[in-house]
Amino acid sequence: MVCVPVISSYISSIPELIKDGETGILIAEKNPEELYRSILELSNNNTLYAMISKNSIKLANKVFDSNKTANSLLDIFTN
């Protein structure tokens, strides 16, 4: 599986999933300069790129586990 780091803004509930510098990079909305700096930082820092990529896929697999989701829904509908 190919993993790539995410760069997003602080809008809506995105910061609930993306932790800045851990599972992605968060930047201010409508800020092209900050986006540019973040892209450069990731392209120049292989360690950061790899760490964020690894952490983000682990989190995605944990949060979006279909078995856990199905069991949670089953509990809701049977109780």
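The values are calculated or read from the model by the stated rules, or taken from the named source; none is laboratory data. Because the structure is predicted, anything quoted here is derived from the model rather than measured. Heads up, the Cβs are rebuilt from the backbone with ideal geometry, glycines too, and the neighbour counts pull from every protein chain shown.
For region 71-79, the criterion of being modelled with pLDDT of 95 or more, farther than 23 Å from Met1 by Cα and among the aromatic types (Phe, Trp, Tyr) is met by no residue.
If we keep just the residues of region 27-70 that are surrounded by 10 or more Cβ atoms within 10 Å (Cβ to Cβ) and β-branched (Val, Ile, Thr), which is farthest from Glu16 (Cα to Cα)? Selected residue: Ile39.
Filter region 41-58 down to residues that are touching a Pro at 6+ places or on another chain (Cβ under 7 Å) and of a type in the set (A, V, I, L, M, F, W, C) and give me whichever is farthest from Gly24 (Cα to Cα). The extreme case among them is Leu42. For region 36-66, enumerate the residues that are in contact with a helix residue (DSSP H, G or I) (Cβ under 6 Å, 6 or more places away or on another chain) and of a type in the set (A, V, I, L, M, F, W, C). Listed by number, the list holds a single entry, Leu42.
For region 25-69, the tally of residues that are on the phi > 0 side of the Ramachandran plot and either under 10 Å from the mean Cα position of the chain (by Cα) or of a type in the set (A, V, I, L, M) (or both) stands at 0. In this structure, Ile11 does not satisfy being out of contact with any strand residue (DSSP E or B) (no Cβ under 6 Å at 6 or more places or on another chain), among the β-branched types (Val, Ile, Thr) and either touching a residue at least 60 places away in the same chain (Cβ under 8 Å) or surrounded by 15 or more Cβ atoms within 10 Å (Cβ to Cβ) (or both).
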